[in-house]
1. Condition first: basic (Lys, Arg) and at pLDDT below 95. Now tell me which residues in region 127-160 satisfy that.
2. Could you tell me whether region 51-69 includes any residue that is open to solvent by less than 60 Å² (accessible area, probe 1.4 Å), of a type in the set (Val, Ile, Thr), within 29 Å of residue 179 (Cβ to Cβ) and in a helix (DSSP H, G or I)?
3. Looking at region 73-87, which of its residues are β-branched (Val, Ile, Thr) and within 23 Å of residue 42 (Cα to Cα)?
4. Tell me which of these residue 184 doesn't satisfy, since it passes every other one: (1) loosely packed, with under 12 Cβ neighbours inside 10 Å; (2) under 23 Å from residue 8 (Cβ atoms).
5. Scan the helices (runs of 4 or more DSSP H) fully inside region 102-189 and keep the ones with 1 or more residues being in contact with a Cys (Cβ under 6 Å, 6 or more places away or on another chain).
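The values are calculated or read from the model by the stated rules, or taken from the named source; none is laboratory data. This one's a predicted model, so the numbers in the text were calculated from it and none came from an experiment. Counting neighbours? That spans all protein chains shown, and the Cβs are built from the backbone with ideal geometry, glycine included. We work out accessible area using only protein heavy atoms, side chains counted, and drop any ligands, DNA or RNA first. Shrake-Rupley method; radii C 1.70, N 1.55, O 1.52, S 1.80 Å.
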Amino acid sequence: PTDYHCQKTEEGKHIRYYNLTFLPDVLPLEVQKAFRQKDIPLVYEFQGKEWRRTLELAQWLCSEYQNPVKDVVREEGILSGIRILCGLLYRKAQDTEEKESGSQNELVRQAVAYIQQNYRNPLTLKETAEYVGLSPSYFSAFFHKKLGMTFSGYLLDYRLKMAARYLKSSSLSLKEIGSACGFAGYSYFLTSFKKKYGVPPASYRKQKKELTG
């Protein structure tokens with residue numbers, strides 16, 4: 001929710017996707033809570049038999065939803081199918097999370113994930129420190145030691161990277177992009193972007209379009 005999405009394919013290729021949109025209360029409260037506590041995107045690339053089974057389930061859900069005959073049994077079947085898909089994604093994300101936690105400090109990983117999930121909002125060091133359960137002063141030193149940059153430096157750098165992504169892949173105006181990436185002031189966005197990339201946002205967008213055009 002509130003994020004921007006874009007699908008792209010290589011030249012000559014095609015894509016087919018199934019978009020299942022549903023209200024959160026389709027899932028039990030405990031399941032909703034478990035999903036909200038996840039610190040990584042619920043994205044997974046299925047392979048082989050696992051992919052075929054998942055695709056068949058998605059196709060079945062779409063056909064059931066489009067069936068003109070509506071009854072309680074069919075609706076319950078759709079709800080169950082959605083919950084199964086969500087369960088698959090959750091378990092795959094959990095497996096990925098467990099693998100990554102062994103190579104990166106858990107607290108830093110949580111802080112980085114929190115920043116990446118909330119960079120659009122006015123985000124402070126104190127708020128992030130409270131999220132990972134550390135005092136602001138200790139968290140500040142700990143974060144800098146592990147990542148080699150300050151909290152504010154990382155937040156700014158991430159916002160600028162996301163802004164660059166939107167400049168390349170969207171038609172949003174510069175002001176909309178600045179706001180969407182968490183910059184409180186438009187002039188600060190322009191100045192910070194030029195300092196990092198060497199050119200203003202408008203010139204950066206033009207260069208990228210010429211390269212791909």
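1. In the first step, residues of region 127-160 are kept if they are basic (Lys, Arg); the result is 145-146, 159.
Once the filter is applied, which keeps residues that are basic (Lys, Arg) and at pLDDT below 95, region 127-160 yields 145, 146.
2. no
3. Residues satisfying the conditions are 78, 82, 84.
4. Exception for residue 184: condition (2).
5. Result: 151-169.
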